[in-house]
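Asks: I'd like to ask some things about the structure below.
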There are 2 protein chains.
Amino acid sequence: MLNGSTRKVAESYRERVETAAEKLGYTANLSAQATARGTAAIVALLVADIADPYFGQLASGVARGADEAGLVVTIAITERDPQREVKLVRALRGQRPRGLILAASRVEGPDAVGLQGELEAFSNMGGRVVVVGPGGGTARSVAVDNRGGSAALGAELARLGYRDAIVVAASEGIRTSDDRLEGFTEGFTAAGGSVREVRRTGFTRDAGYTATSELLEDDVPAGTLIFGISDVVAIGIMSAVRDAGRQVGADIAVAGFDDIATGRDIRPGLTTVRVPLEDLGYRALQAATDPEWAAAEPQLPLEVIVRGSTPPRS
Amino acid sequence: MLNGSTRKVAESYRERVETAAEKLGYTANLSAQATARGTAAIVALLVADIADPYFGQLASGVARGADEAGLVVTIAITERDPQREVKLVRALRGQRPRGLILAASRVEGPDAVGLQGELEAFSNMGGRVVVVGPGGGTARSVAVDNRGGSAALGAELARLGYRDAIVVAASEGIRTSDDRLEGFTEGFTAAGGSVREVRRTGFTRDAGYTATSELLEDDVPAGTLIFGISDVVAIGIMSAVRDAGRQVGADIAVAGFDDIATGRDIRPGLTTVRVPLEDLGYRALQAATDPEWAAAEPQLPLEVIVRGSTPPRS
DNA sequence: AAGCTGAGGGAAATCGCTTCCCAATCTATC
DNA sequence: GATAGATTGGGAAGCGATTTCCCTCAGCTT
């Protein structure tokens with residue numbers, strides 16, 4: 001009754017009790033509270049890898065929102081393993097969190113069979129599931145216009161004079177990657193370019209590095225553009241380009257997607273599509289807590305940012 | 001009794017119950033468990049900013065360890081505000097976590113008055129407090145030899161021919177910064193260099209950028225070395241150097257500390273001291289959970305890494 | 001056959017809190 | 001000044017586990 005239930009208590013008492021509690025160092029036992037109420041003041045966040053700046057920035061937004069809402073954030077790392085993800089969701093469910101935010105998961109496709117079931121169970125228990133990216137089922141989703149953004153990027157790059165591109169993407173079936181790939185191809189070809197090759201790997205820096213190293217063993221003409229499916233991948237690409245003795249920019253141009261902080265500090269700067277990652281996380285949290293969330297503004301505004309990694313070709 | 005109490009049950013039964021539970025989608029209510037047991041299977045992690053790669057990598061190690069130990073990680077962001085930090089510790093205490101890991105906090109000094117009290121209360125409740133960095137009081141600590149590492153760095157840089165350095169540090173009283181500053185000065189001067197100026201700001205990229213921009217308004221001779229108290233700061237420094245029309249490397253050399261992932265991908269590469277951040281987090285978790293932890297190997301091994309940002313001066 | 005041991009069932013107490021119900025007190029209205 | 005209505009506060013039940021204690025039953029030993 002100390003923690004804002006329906007009971008009304010005289011203000012004077014309340015204050016007295018509160019200062020006493022303060023002095024004694026008393027803190028309400030959240031677990032007991034959760035037991036009694038049936039739900040805990042917790043939001044669970046699932047990310048692939050918290051050391052990845054993409055997820056770091058996202059988590060930052062989630063944490064901010066949670067703080068404002070008086071919730072605690074619990075974090076779990078999927079390591080991009082669908083099996084693990086299912087297990088984690090199940091384990092997290094034991095906490096009876098108010099919401100569950102899934103960043104970086106394939107909610108669809110063959111890998112997702114177990115997941116869907118878990119998510120439903122979670123929903124049925126009264127928790128809210130939010131998917132960052134294209135959602136499905138009972139889940140709310142906070143999406144980014146990957147397709148539109150990369151189409152715009154492709155168009156812009158073609159306008160800068162690029163005609164020949166290679167895309168380093170993640171495996172087929174991963175929606176974010178597929179959307180970005182399709183969008184880019186669309187925008188780039190519509191404006192006169194053509195995608196010569198698509199390389200399938202993963203979402204990591206090392207994936208980008210390795211793929212590009214292999215790519216550059218063959219003869220890649222100067223003026224080729226390599227589009228990395230995310231900034232993290234693109235950064236790997238840039239390093240590989242350099243390590244192969246080529247130059248980033250006029251020689252081999254590189255572009256990414258997300259606009260993580262690092263992309264602004266490397267030289268040449270990384271051309272990319274700005275995704276308001278922190279906001280995205282913040283809105284995911286809103287979606288997880290706000291009872292009358294209505295998928296308003298389904299897409300966050302994106303913006304193509306051209307930097308030195310793709311200088312205009314004359 | 002389903003979750004490992006003293007009771008002994010035949011394995012066969014146990015299995016049967018477990019698969020049944022699996023099928024029904026039952027999950028033990030962790031809150032109830034925590035209420036009954038008096039402590040939750042949770043470790044709380046306090047970081048200044050989860051979007052900062054330093055904390056990201058650290059958190060990554062913590063998360064890995066927690067996963068292995070069957071614990072859930074709860075994360076809270078201090079935003080480098082001591083007041084906030086106290087409040088958070090207090091709030092987190094309500095969860096009755098097994099351990100509390102403090103990364104990036106001043107456990108000492110005038111700001112820490114409230115903190116110490118909270119930490120003690122936490123300890124008295126049976127939770128274990130781990131400080132990443134120089135600890136104090138009841139807290140266990142997982143430390144890094146900041147002083148020795150930066151002394152080695154300073155010595156190495158002097159050996160490379162640098163004689164004139166500026167240090168961009170955090171405010172006085174922040175132990176990590178002070179130790180690194182002292183160590184560097186020691187090592188650098190002992191080997192023939194001299195620290196011309198110390199600039200006090202913060203631990204962020206922008207702090208480094210701003211401080212350096214101001215610095216470069218005056219005439220800074222070519223061949224000067226700027227040491228950023230952490231890699232994040234150093235990256236800000238590099239950007240500022242470039243934006244001021246100077247060159248990183250032969251013109252103005254830059255070094256940092258931590259060896260965050262980004263430092264390997266920027267060009268020129270950032271000279272720094274490698275801190276095994278992930279391990280550090282992992283060990284912090286060990287310290288928080290292992291009952292017979294004995295501060296073994298009090299310091300993790302550090303290593304000076306010279307890259308292109310500090311080319312040898314002939 | 002009696003006695004001992006250990007496995008396992010069942011009931012009850014406990015954890016710290018919320019929530020519901022009811023009696024007691026206070027206030028406003030006629 | 002009496003009565004209905006609104007407030008306040010006390011008490012008990014319940015939340016979903018864990019833990020402890022007691023008891024039964026079967027298998028062995030002597």
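The values are calculated or read from the model by the stated rules, or taken from the named source; none is laboratory data. These figures come from a predicted structure and were not determined experimentally. In this analysis, Cβ positions are derived from the backbone assuming ideal geometry, glycine residues included, and neighbour counts consider all displayed protein chains.
Asks: Which pairs do you get when a residue that is facing another protein chain (nearest Cβ under 7 Å) and more than 16 Å from DNA strand C (Cβ to nearest atom), found in region B:34-58, comes within reach of a residue that is among the aliphatic types (A, V, I, L, M) and part of a loop (DSSP other than H, G, I, E, B), reach meaning Cβ atoms under 6 angstrom, with the pair 6+ apart or on two chains?
Replies: From residues that are facing another protein chain (nearest Cβ under 7 Å) and more than 16 Å from DNA strand C (Cβ to nearest atom), the pairs are B:Pro53/B:Ile260; B:Gly56/A:Ile50; B:Gly56/A:Ala51; B:Gln57/A:Ala51.
Asks: Under 8 Å between Cβ atoms, which residue pairs at least 6 apart in sequence (or on different chains) link something in region B:233-257 that is among the aromatic types (Phe, Trp, Tyr) with a partner that is part of a helix (DSSP H, G or I)?
Replies: Correct list of pairs: B:Phe257/B:Asn146; B:Phe257/B:Gly149; B:Phe257/B:Ser150; B:Phe257/B:Leu153; B:Phe257/B:Arg180; B:Phe257/B:Asp231; B:Phe257/B:Ala234.
Asks: Let me ask another. Can you report the number of residues in region A:160-201 which are in contact (Cβ under 8 Å) with a residue 60 or more places away in the chain and at positive phi?
Replies: Looking only at that region, the number is 2.
Asks: Let me spell it out: the conditions are (1) at pLDDT 95 or above; (2) buried (at least 24 other Cβ atoms within 10 Å of the Cβ); (3) of a type in the set (A, V, I, L, M, F, W, C), and A:Phe122 meets all of them except one. Which number is the exception?
Replies: (1)
Asks: Something else about it: Since B:Asp290 meets every condition but one in (1) more than 16 Å from the chain's Cα centre (by Cα); (2) crowded, with 18+ Cβ neighbours inside 10 Å, which condition does it not meet?
Replies: (2)
Asks: While we're on this one: Any residue in region A:303-314 that is among the charged types (D, E, K, R) sitting within a Cβ distance under 8 Å of a residue that is surrounded by fewer than 20 Cβ atoms within 10 Å (Cβ to Cβ) and part of a loop (DSSP other than H, G, I, E, B)? List the pairs, counting only those 6 or more apart or interchain.
Replies: If the second residue must be surrounded by fewer than 20 Cβ atoms within 10 Å (Cβ to Cβ) and part of a loop (DSSP other than H, G, I, E, B), the pairs left are A:Arg307/A:Pro268; A:Arg307/A:Gly269; A:Arg313/A:Leu160; A:Arg313/A:Gly161; A:Arg313/A:Gly223.
Asks: I'd like to know if region B:207-224 contains one or more residues that are part of a strand (DSSP E or B) and within 21 Å of B:Gly245 (Cα to Cα).
Replies: Yes: region B:207-224 contains one or more residues that are part of a strand (DSSP E or B) and within 21 Å of B:Gly245 (Cα to Cα).
Asks: Additional query: Can you name every residue in region B:88-118 that is within 21 Å of B:Ala41 (Cβ to Cβ), without any contact (Cβ under 8 Å) to a residue 40 or more places away in the chain and not basic (Lys, Arg)?
Replies: Within region B:88-118, B:Ala91, B:Gly94 meet the criteria.
Asks: Related question: Against the definition (farther than 22 Å from A:Thr204 by Cβ and β-branched (Val, Ile, Thr)), how does A:Val86 come out, yes or no?
Replies: no
Asks: Considering each residue of region B:144-159, count those that are surrounded by fewer than 19 Cβ atoms within 10 Å (Cβ to Cβ) and in contact (Cβ under 8 Å) with a residue 40 or more places away in the chain, and give that number.
Replies: Residues meeting the conditions: 3.
Asks: Please verify whether A:Ala165 is more than 18 Å from the chain's Cα centre (by Cα) and either in a helix (DSSP H, G or I) or polar (S, T, N, Q) (or both), treating the condition exactly as stated.
Replies: No; evaluated as a whole, the condition is false for this residue.
Asks: Among the residues of region B:85-115, count how many are within 12 Å of chain A (Cβ to nearest Cβ) and either touching a Cys at 6+ places or on another chain (Cβ under 7 Å) or more than 29 Å from B:Ala32 (Cα to Cα) (or both).
Replies: Matching residues across region B:85-115 total 1.
Asks: Report the residue count in region B:90-114 for those that are touching an Asp or Glu at 6+ places or on another chain (Cβ under 6 Å) and either more than 19 Å from B:Thr74 (Cα to Cα) or modelled with pLDDT of 85 or more (or both).
Replies: Residues meeting the conditions: 1.
Asks: B:Gly126: in contact (Cβ under 8 Å) with a residue 60 or more places away in the chain, on the phi > 0 side of the Ramachandran plot and within 14 Å of chain A (Cβ to nearest Cβ), yes or no?
Replies: yes
Asks: Considering region B:64-84 alone, what residues qualify as being within 10 Å of chain A (Cβ to nearest Cβ) and touching a residue at least 12 places away in the same chain (Cβ under 8 Å)?
Replies: Residues satisfying the conditions are B:Arg64, B:Ala66, B:Gly70, B:Val72, B:Val73, B:Thr74, B:Ile75, B:Ala76, B:Ile77, B:Glu79.
Asks: Can you tell me which residue in region A:181-206 is nearest to the other protein chains (Cβ to nearest Cβ), limited to those that are under 22 Å from A:Val304 (Cβ atoms) and assigned to a strand (DSSP E or B)?
Replies: That would be A:Val198.
Asks: Oh, and also: Looking at B:Glu120, B:Glu85, B:Glu79, B:Glu108, which is the one that is charged (D, E, K, R) and more than 27 Å from A:Ala28 (Cβ to Cβ)?
Replies: Result: B:Glu108 is the single residue among B:Glu120, B:Glu85, B:Glu79, B:Glu108 that is charged (D, E, K, R) and more than 27 Å from A:Ala28 (Cβ to Cβ).
Yes or no, residue by residue, for (1) surrounded by fewer than 23 Cβ atoms within 10 Å (Cβ to Cβ); (2) in contact with a Leu (Cβ under 9 Å, 6 or more places away or on another chain); (3) outside any helix (DSSP H, G or I):
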position	(1), (2), (3)
A:Ser31	no, yes, no
A:Leu45	no, yes, yes
A:Ala59	no, yes, no
A:Ala63	no, yes, no
A:Ile75	no, yes, yes
A:Arg84	yes, no, no
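Asks: I would also like to ask the following. Regarding region A:123-142, can at least one residue be identified that is within 30 Å of A:Ala34 (Cβ to Cβ), assigned to a helix (DSSP H, G or I) and out of contact with any Ser or Thr (no Cβ under 8 Å at 6 or more places or on another chain)?
Replies: Checked region A:123-142: at least one residue is within 30 Å of A:Ala34 (Cβ to Cβ), assigned to a helix (DSSP H, G or I) and out of contact with any Ser or Thr (no Cβ under 8 Å at 6 or more places or on another chain).
Asks: Next question, about the same structure. Looking only at region A:300-314, how many residues end up being touching a Gly at 6+ places or on another chain (Cβ under 8 Å), farther than 14 Å from A:Leu153 by Cα and either buried (at least 17 other Cβ atoms within 10 Å of the Cβ) or at pLDDT below 95 (or both)?
Replies: Matching residues across region A:300-314 total 2.
Asks: Looking at B:Leu102, B:Leu92, can you tell me which residue is buried (at least 19 other Cβ atoms within 10 Å of the Cβ) and part of a strand (DSSP E or B)?
Replies: B:Leu102
Asks: Taking the options B:Gly256, B:Gly236, B:Gly249, name whichever one is out of contact with any strand residue (DSSP E or B) (no Cβ under 9 Å at 6 or more places or on another chain) and either closer than 22 Å to B:Leu215 by Cα or among the basic types (Lys, Arg) (or both).
Replies: One residue alone meets the criteria, B:Gly249.
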